[in-house]
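In what follows, a single structure is set out as structure tokens and then discussed.
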Amino acid sequence: MPQSLEALADEILQHAKAAGLAVVTAESCSAGRLAIAFSKGEGASQHFMGGFVTYTKDAKARLLGVPREMLSSETAVSANVAVAMARGAVVRAKASLAVAITGVTGPDPDEDGNPVGLVYCAVARSDGGSRHLRLELGKDEPETLIEKSCRAALRLLRDFAFA
């Protein structure tokens, strides 16, 4: 059985604690699910700074500083937007690490025609380093797509920051 989101988040928090780092989330299609997972981990009050839920393009621009031109030219579902979300969260929260998710979990394609199941995850460090991942999960129930997206995002963060 795969490791639960909460267990993955707790594993990351333990690594963050050992390294003296703080984590923040920037979420769109997952609507705070990553933040919930982190909030349940041991040491969350010291090493989880909180999260941004930026469901709209306007929120991504205002709260995370994602360039509006990027949101227009690439749509909100792209690798560059995911990375910009993670970098914006690191800067605004003054965190060490950020994990971001943007995508389409349905039940219908988004307003720009991005298909259900297309998700980008990204991570960023306060030193400017970043990495992203494109997921093509296909059509499924929204909750299933959110679960798969969050699991991939947490693994990306763990492997990027603590491998």
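Just a few scattered comments:
- Taking amide H atoms as placed 1.01 Å from N in the peptide plane, the amide H of Thr75 has no partner under 5 Å among residues 5 or more positions away or on other chains.
- Residues in the range 90-108 that a label on Ser126 would reach, taking backbone N under 20 Å of a point 7 Å out along Cα→Cβ: 90-100
- Residue order, fewest to most beta carbons within 10 Å, for Leu21, Leu13: Leu21, Leu13
- Gain in span if fully extended, Glu69 to Ala19, counting 0.36 nm per residue against the direct Cα distance: 14.4 nm
- Karplus 3J(HN,Hα) series, Hz, for the range 147-163 with 6.51 cos²θ - 1.76 cosθ + 1.60 (x for Gly, Pro): 4, 5, 5, 5, 4, 5, 5, 5, 5, 4, 4, 4, 5, 6, 8, 10, 7
- Averaged over residues, the count of other Cβ atoms within 10 Å places the peptides 89-99, 23-33, 65-75 in the sequence 23-33, 89-99, 65-75, highest first.
- Full-stretch length increase - Ala7, Phe162 - with 0.36 nm per residue and alpha-carbon distance subtracted: 54.2 nm
- Per-residue ³J(HN,Hα) for the range 84-101, Karplus 6.51 cos²θ - 1.76 cosθ + 1.60, θ = phi - 60°, Hz, x for Gly and Pro: 4, 4, 5, 5, x, 5, 4, 5, 5, 8, 6, 9, 8, 9, 9, 10, 10, 9
- For Lys60, the aspartates and glutamates whose Cα falls under 16 Å of its own Cα, not counting residues fewer than eight places away in the same chain, are Glu27, Glu69, Glu74, Asp110, Glu111, Asp112.
- For the chain, the calculated P(r), taken from all Cα-Cα distances in 10 Å bins from zero up to the bin holding the longest distance, is 12, 45, 33, 9, 0 percent.
- Amide H contacts of Thr54: Glu27, Ser28, each under 5 Å away and 5 or more positions distant or on a separate chain (H built 1.01 Å from N in the peptide plane; Pro and chain starts excluded).
- Radius 15 Å from Cβ of Ala37, net charge of other residues (Lys, Arg +1; Asp, Glu -1): -1
- Per-residue ellipticity at 222 nm, computed for the chain from helices alone with -39500 (n - 2.57) per DSSP H run of at least four residues, works out to -14500 deg cm²/dmol.
- Centroid-to-centroid, using Cα positions, the range 17-54 and the range 96-163 are 15 Å apart.
- Relative exposure of Lys17, Lys139, Lys148, judged by other C-beta atoms within 10 Å (fewest first): Lys139, Lys17, Lys148
- A simple spin-label model places the labels of Val91 and Lys139 4.0 nm from each other, with each point 7 Å out along Cα-to-Cβ.
- In order along the range 128-137, the phi-based Karplus estimate (6.51 cos²θ - 1.76 cosθ + 1.60, θ = phi - 60°) of 3J(HN,Hα) comes to x, x, 8, 8, 9, 9, 9, 10, 10, 8 Hz; Gly and Pro are listed as x.
- Average projection, convex hull of the Cα set of the range 42-134: 6.3 square nanometres.
- Per principal axis, descending, Cα span of the range 120-163 in whole Å: 37, 15, 13
Every number in this text was worked out from the coordinates using simple rules, so none of it is lab data. Fair warning: this is a prediction, and the values are worked out from it, not measured in the lab. We place every Cβ from the backbone using ideal geometry, glycine too, and count neighbours over all the protein chains shown.
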